[in-house]
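Asker: Quick one: structure below, then a few questions.
The values are calculated or read from the model by the stated rules, or taken from the named source; none is laboratory data. In this text, all values refer to a predicted model and were calculated from it rather than measured experimentally. Counting neighbours? That spans all protein chains shown, and the Cβs are built from the backbone with ideal geometry, glycine included.
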Amino acid sequence: MVAIPTGLLASSFAEQLRKRREVFHEAVLHSLIDGHVDEEERAHLEALRVELGLSAAEANQAIKVMTNKRVHSQYCRHCGHKL
């Protein structure tokens, strides 16, 4: 009797957290358009992080991952030349 509502609640919580992370990742991608995150963009991302309820470690990890993805998408993984 308790298992079904508990499962639904946990699923809903997980979905909301996924959406928050997605919003933050989109903001990081937007900040990385010029290739780096400047102080103004970092302040905006910090405010968004607090608003979304994400931890500082999670936000820093997202920024690091998105920066690495952007760098890897600009250079050939085989020869290292700019694409």
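Asker: Restricting to the range 43-59, name every residue that is surrounded by 12 or more Cβ atoms within 10 Å (Cβ to Cβ) and farther than 16 Å from LEU17 by Cα.
Answerer: HIS44, LEU45, GLU46 - these are the residues of the range 43-59 that are surrounded by 12 or more Cβ atoms within 10 Å (Cβ to Cβ) and farther than 16 Å from LEU17 by Cα.
Asker: Do you know which residues across the range 39-83 are outside any helix (DSSP H, G or I) and modelled with pLDDT of 90 or more?
Answerer: Correct list: GLY53, LEU54, SER55.
Asker: Inspect the range 26-39 for any residue being surrounded by 15 or more Cβ atoms within 10 Å (Cβ to Cβ) and over 26 Å from LYS82 (Cα atoms) and give the result as yes or no.
Answerer: No: zero hits.
Asker: What's the total number of residues in the range 12-38 that are assigned to a helix (DSSP H, G or I) and touching a residue at least 24 places away in the same chain (Cβ under 8 Å)?
Answerer: 8
Asker: When you scan the range 48-64, do you find a residue that is among the acidic types (Asp, Glu) and under 13 Å from the mean Cα position of the chain (by Cα), even just one?
Answerer: yes
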